[in-house]
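Read the structure below first, then the notes.
The values are calculated or read from the model by the stated rules, or taken from the named source; none is laboratory data. Owing to the predicted nature of the structure, the values given are computational and were not obtained by experimental measurement. Backbone-built Cβ (ideal geometry, glycine too); neighbour counts: all protein chains shown. The accessibility values were calculated without ligands, DNA or RNA, using every heavy atom of the protein model including side chains. Shrake-Rupley method; radii C 1.70, N 1.55, O 1.52, S 1.80 Å.
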Amino acid sequence: MNRGFYTIMAAQFFSSLADNALLIAAIALLAEMHSPAWMTPLLKLFFVLSYVLLAAFVGAFADAFPKGKVMLITNMIKIVGCSLMFFTVHPLLAYAVVGFGAAAYSPAKYGILTELLPPEKLVAANGWIEGLTVGSIIMGTVLGGALVNPKISAVILSFDFPMVDLPIDTPTEAALCIISGIYVIAALFNFYIPDTGARYEHQQRNPIRLIVDFAGCFTTLWKDKLGQISLAVTTLFWGAGATLQFIVLKWAEKSLHMPLDKAAILQGIVAVGVALGAMGAARFVPLKKSLTVMPLGIIMGIVVMLMTTTTSVWVAYPLLVIVGALSGYFVVPMNALLQHRGHVLMSAGHSIAVQNFNENLSVLTMLVLYAFMVRMNLDVNTVIIIFGTFVAGIMYLIMRRHAANQREHDSLALIGEDKHPHH
């Protein structure tokens with residue numbers, strides 16, 4: 001791998017690290033403001049709103065300028081969002097601004113890889129990105145938990161620069177200060193991203209045309225016999241994963257009696273499982289066999305329901321690792337299959353935009369339903385049972401659909417097919 005690749009990885013890592021630490025800090029800020037409990041899952045909802053609303057446009061934006069510059073601009077937008085929390089802008093709005101930056105950042109970071117590296121290195125590069133992203137989620141969540149921990153924030157607050165009176169008085173303000181610093185580090189790396197020299201002469205500027213274009217790609221992927229299965233699985237997985245983040249925090253508080261800074265570590269435990277599962281899948285599941293992992297989705301739904309049976313931390317840890325490992329093992333092959341079909345049927349950038357749109361729409365829907373259940377004061381164990389049944393049930397339906405597709409026509413023969421010529 002060349003030096004530019006490692007610079008991109010570093011920029012991506014720090015940017016994502018800050019995003020995840022900021023989520024925990026924002027949850028703590030909502031608690032400080034005595035906001036109602038149903039507002040907490042809405043944080044993530046406001047964050048992913050941009051991914052859904054801007055799906056048709058961010059790809060064209062990423063291709064209109066050198067990718068390094070796009071990553072720098074979008075990282076600056078995140079810094080603005082983070083600083084808004086200082087100036088008593090409501091955390092939901094401030095985090096929405098960060099999400100706006102993240103939505104525009106995503107196609108640039110994937111797109112620059114195809115410009116920088118030869119095709120045979122792309123699988124490895126994607127592995128790196130996924131691995132580092134999971135790493136940054138674990139470390140960011142744990143860092144966010146540490147920064148809102150009363151003991152640690154007391155130490156940070158005791159730092160005082162001579163002659164400068166910093167207006168930082170609360171633990172959350174101290175946390176926001178450090179998180180802004182991490183965004184700045186990411187921005188510094190962005191400055192050193194090489195210009196790959198790739199230019200795309202004609203970018204659609206007309207919003208109507210862009211939306212029509214996007215709608216075309218959307219229907220192409222959902223009509224494809226393999227595309228629809230892998231898209232359905234990844235869409236379910238991301239919606240479930242985002243909701244599970246909040247369910248785990250709530251469950252840790254109610255069943256395991258943990259404060260936020262400790263509960264944040266549990267989210268990290270799930271992510272460790274995801275990383276293990278993802279590495280296992282990368283080793284043992286070739287693209288041709290990617291659809292054999294689907295039953296694990298049903299098993300995962302059932303294992304999640306076992307959470308309701310325990311109040312012991314020692315049972316909770318291995319259980320969450322297993323939930324993570326199952327989901328990692330079954331989502332990585334599905335993701336690879338989806339990227340492959342997207343690449344065959346259209347450009348990589350367009351298929352990533354369609355994938356982002358579906359996955360984040362699923363995140364929005366499931367978080368709204370979860371916020372509604374919290375608002376209805378449903379017991380956390382009831383929520384977990386509903387959630388587990390839902391995941392297992394939908395996975396079963398997707399498998400039935402795939403079996404029906406196979407009876408009609410052997411779609412597995414399409415795996416490994418070359419790119420279609422554009423007419």
Residue check, W314 more than 20 Å from the chain's Cα centre (by Cα), open to solvent by less than 10 Å² (accessible area, probe 1.4 Å) and under 27 Å from M139 (Cβ atoms): no
Any helices (runs of 4 or more DSSP H) falling wholly within the stretch 14-89 and containing at least 2 residues that are polar (S, T, N, Q) and either open to solvent by 40 Å² or more (accessible area, probe 1.4 Å) or in contact (Cβ under 8 Å) with a residue 12 or more places away in the chain (or both): 39-53, 67-84
Matching residues, the stretch 279-306, being open to solvent by 70 Å² or more (accessible area, probe 1.4 Å) and over 13 Å from Y329 (Cα atoms): K288, I302, L306
Criterion: over 18 Å from the mean Cα position of the chain (by Cα) and part of a helix (DSSP H, G or I) - qualifying residue of I112, I138, I129: I112
Selection status of I208, aliphatic (A, V, I, L, M), part of a helix (DSSP H, G or I) and touching a residue at least 24 places away in the same chain (Cβ under 8 Å): no
Condition met for T365 (part of a helix (DSSP H, G or I) and hydroxyl-bearing (S, T, Y)): yes
Counted residues, the stretch 283-308 - those being modelled with pLDDT under 85 and either closer than 15 Å to I384 by Cα or in contact with a Pro (Cβ under 9 Å, 6 or more places away or on another chain) (or both): 8
